[in-house]
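Working notes, beginning with the structure itself.
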Amino acid sequence: MVVYANPNTDGAVVHFKDRYDHYIGGEWKAPAKGQYFENPTPITGECFTTVARGTAEDIDAALDAAHTAAKTWNKSSPTERAALLLAVADRMEENLEKLAVAESWDNGKAVRETLNADIPLAIDHLRYFAGAIRAQEGSLSQIDDDTVAYHYHEPLGVVGQIIPWNFPILMAIWKIAPALAGGNCIVLKPAEQTPASIMVLMELVGDLIPPGVLNVVNGFGLEAGKPLASSPRIGKIAFTGETTTGRMIMQYATENIIPVSLELGGKSPNIFFGDVMDADDSYLDKALEGFTFFALNQGEVCTCPSRALIQESIADDFYDLGIERVKQIKQGNPLDTDTMMGAQASNDQFEKIMSYIDIGKQGGAEVLIGGEAVDLGGELSGGYYVAPTVLRGSNDMRVFQEEIFGPVVATTTFKDYDDALSIANDTLFGLGAGVWSRNGNVAYRAGRDIQAGRVWVNNYHAYPAHAAFGGYKMSGFGRETHLMLLEAYQQTKNLLVSY
Ligand code: NAD
């Protein structure tokens, strides 16, 4: 058993078990085939626990438990569902530091992010959907003198959810909260790179949840994810991950004709119009911080502002100031609360990022800063650290078109508004975008003209529960936040009644 104590977060101690089983029907269940896989922490590269390696048999067992629980939970009242979500939120809040450290240890991200953003956002999301389900109303329409149409919301039944590794607990809660609020039972498959922090969460909140309502099966994509996504026993599959995997998920769902939501990759443009340099210091400061956000969460964010477009008229000054800001990003042990940038989530991801930096160089991009791996020394030498990297080139290069999912920003310049928008929209993706301008007309028009589901205007990387979040184009479809997500986990029943 590994015990990790972090003096910087009020002494929060996380006891990771040596071995995690699946969480099925309110109990810890060994995998049917008896196999476990090793889970390293990206902070040092060392294995700290082993985790059940799920297969189709485990998915079946979880679906059995979920269907049994659904007989009751599908009929639960909005008040009961809200009470459950609020109880889970409260328990998470009581254990904020512990969850923040667990998430950081499992994923490599900076604990200052997990403490101040990831876990608080997850808690707020639960509370938002607790309120939403109690406020949800049906409708009644008069069809003619004798007939009325009632519209009700019903649960889908049992739903499948598959998530990636970049925000393990937040991605889990983003999916769990609206599904439970909608009255559904769940089988969740976390990512194989970050299976442990979610199991710490289940240890903390499991006793609050009726057995079988929420089941967690760990394992790999083809072994555990595919049997879940292709099962005829789920009423919906909700997926977050890579675009190529999303395409497969859609194919599985086609067989069963069930709804799919896909939150996929991105290559988000962050546009800096010339007037940012004329603005007051505090605005310019905010804009420069917005430029550095490509390194937030080590760049492992689907909406990472991984393409920065800078107006030619300010390019020289903006590059100088931007690079100075990048130098201030403090990279270090993710568990130190002043560390701003931690480790990449896995060795595979680390290697992928390094290979993309090479692809950039070979394709003619100039490295303005970074471009190398970082050795932080001591026990951190085995961890997966990459320096924040600014490349300069043109939008036709691979590093501008393909998702790197690391702390690498591909920058270029533009002449005028039309040029900026044509570069911004010249991508297969359409998830996020940033616009920086003090000119309200330009900012608003650009916000409208960019083909992306979320455009941040004069801010970036805010994720309130009540603002819709989701993709255009190859970034997927469906929304992950906002009231509209509740109905995405429900059927609409119409009763057409004559008297
Ligand atoms: P991934 O697609 O490799 O894996 C995601 C999940 O899918 C994992 O749990 C994996 O085990 C599972 N999986 C893999 N193959 C499967 C299959 N054939 N059938 C069923 N399940 C399968 O993605 P990743 O590398 O873990 O995550 C990074 C990607 O996620 C990036 O592209 C990123 O942009 C995207 N992402 C998107 C959002 C969003 O909201 N749009 C949020 C976070 C991450």
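The values are calculated or read from the model by the stated rules, or taken from the named source; none is laboratory data. Predicted model only: the values in this text are computed from it and were never measured. Cβ placement follows ideal geometry from the backbone for every residue including glycine, while neighbour counts extend to all protein chains displayed.
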Need pairs with beta-carbon distance below 8 Å; first residue closer than 17 Å to residue 171 by Cα and touching a residue at least 60 places away in the same chain (Cβ under 8 Å) and within region 296-315, second buried (at least 24 other Cβ atoms within 10 Å of the Cβ) and charged (D, E, K, R); sequence gap 6+ or separate chains. 297/109; 298/109; 300/109; 302/263; 303/454
Given the condition in a helix (DSSP H, G or I) and touching a residue at least 40 places away in the same chain (Cβ under 8 Å), answer yes or no: does some residue in region 372-380 qualify? yes
Are any residues in region 455-499 within 16 Å of the ligand (Cβ to nearest atom), under 21 Å from residue 427 (Cβ atoms) and not in a loop (DSSP other than H, G, I, E, B), and if so, which ones? 455, 456, 472, 473, 476, 477
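Residues checked against (1) buried (at least 18 other Cβ atoms within 10 Å of the Cβ); (2) out of contact with any helix residue (DSSP H, G or I) (no Cβ under 8 Å at 6 or more places or on another chain); (3) of a type in the set (Ser, Thr, Tyr); (4) within 29 Å of residue 185 (Cα to Cα):
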site: 443; (1), (2), (3), (4): yes, yes, no, no
site: 446; (1), (2), (3), (4): yes, no, no, no
site: 449; (1), (2), (3), (4): no, no, no, no
site: 465; (1), (2), (3), (4): yes, no, no, yes
site: 470; (1), (2), (3), (4): yes, yes, no, yes
site: 487; (1), (2), (3), (4): no, yes, no, yes
site: 490; (1), (2), (3), (4): yes, yes, no, yes
Exactly one condition in (1) in contact (Cβ under 8 Å) with a residue 12 or more places away in the chain; (2) more than 16 Å from the ligand (Cβ to nearest atom) is false for residue 285; which is it? (1)
Could you pull out the residue among 63, 86, 96 that is of a type in the set (A, V, I, L, M) and within 19 Å of the chain's Cα centre (by Cα)? 96
For the structure I just gave you, tell me whether residue 240 is hydroxyl-bearing (Ser, Thr, Tyr), near the ligand (Cβ under 7 Å from one of its atoms), closer than 26 Å to residue 115 by Cβ and assigned by the TED database to the domain that holds residue 176. yes
Residues being surrounded by fewer than 19 Cβ atoms within 10 Å (Cβ to Cβ), among the β-branched types (Val, Ile, Thr) and either under 24 Å from the mean Cα position of the chain (by Cα) or within 16 Å of the ligand (Cβ to nearest atom) (or both): count how many of those fall in region 310-367. 2
Qualifying position, being over 20 Å from the mean Cα position of the chain (by Cα) and either farther than 29 Å from residue 274 by Cβ or at pLDDT below 95 (or both), among 427, 389, 492, 413: 492
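Among 452, 443, 433, which is part of a loop (DSSP other than H, G, I, E, B), at pLDDT 95 or above and either of a type in the set (A, V, I, L, M, F, W, C) or over 20 Å from residue 121 (Cα atoms) (or both)? Even if it seems obvious, please write down each step before you answer.
Working: 443 fails: part of a loop (DSSP other than H, G, I, E, B); 433 fails: part of a loop (DSSP other than H, G, I, E, B).
Going through 452, 443, 433 in turn, the sole match is 452.
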For residue 37, all conditions in the list (1) assigned to a helix (DSSP H, G or I); (2) farther than 16 Å from residue 160 by Cβ; (3) in contact (Cβ under 8 Å) with a residue 24 or more places away in the chain hold save one; what is the number of the exception? (1)
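Sort out which residues of region 451-462 are surrounded by 20 or more Cβ atoms within 10 Å (Cβ to Cβ) and over 20 Å from residue 247 (Cα atoms), and write them in order of number. Full working, then the answer.
Let us first name the residues in region 451-462 that are surrounded by 20 or more Cβ atoms within 10 Å (Cβ to Cβ), namely 452-456, 460.
Residues satisfying the conditions are 454, 455, 456, 460.
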Residues within region 8-26 that are of a type in the set (Ser, Thr, Tyr) and at pLDDT 80 or above, tallied: 2
Tally of residues being closer than 28 Å to residue 44 by Cα and part of a strand (DSSP E or B) across region 381-427: 6
Which residues, taken from region 214-229, are surrounded by fewer than 22 Cβ atoms within 10 Å (Cβ to Cβ) and either outside the structural domain of residue 98 (by the TED database) or more than 8 Å from the ligand (Cβ to nearest atom) (or both)? 223
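Counting only residues that are touching a Ser or Thr at 6+ places or on another chain (Cβ under 6 Å) and away from the ligand (no atom under 16 Å from the Cβ), how many does region 196-213 have? Let's see the steps before the verdict.
Pass one, region 196-213, residues touching a Ser or Thr at 6+ places or on another chain (Cβ under 6 Å): 196, 212.
Within this subset, residues satisfying the condition of being away from the ligand (no atom under 16 Å from the Cβ) are 212.
Total meeting the criteria: 1.
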Looking only at residues that are polar (S, T, N, Q) and within 11 Å of the ligand (Cβ to nearest atom) in region 243-270, which one is nearest to residue 435 (Cα to Cα)? 268
Residue 470, sole failed condition from (1) over 15 Å from the mean Cα position of the chain (by Cα); (2) modelled with pLDDT of 95 or more: (1)
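Here is a list: 162, 173, 198, 234. Which entry is touching a Phe, Trp or Tyr at 6+ places or on another chain (Cβ under 7 Å), crowded, with 20+ Cβ neighbours inside 10 Å and within 23 Å of residue 84 (Cα to Cα)? Don't jump to the end; show me each part of the working.
Working: 173 fails: touching a Phe, Trp or Tyr at 6+ places or on another chain (Cβ under 7 Å); 198 fails: touching a Phe, Trp or Tyr at 6+ places or on another chain (Cβ under 7 Å); 234 fails: touching a Phe, Trp or Tyr at 6+ places or on another chain (Cβ under 7 Å).
Sole residue among the options that is touching a Phe, Trp or Tyr at 6+ places or on another chain (Cβ under 7 Å), crowded, with 20+ Cβ neighbours inside 10 Å and within 23 Å of residue 84 (Cα to Cα): 162.
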If residue 291 meets every condition in (1) part of a helix (DSSP H, G or I); (2) surrounded by fewer than 22 Cβ atoms within 10 Å (Cβ to Cβ) apart from one, which number is that one? (2)
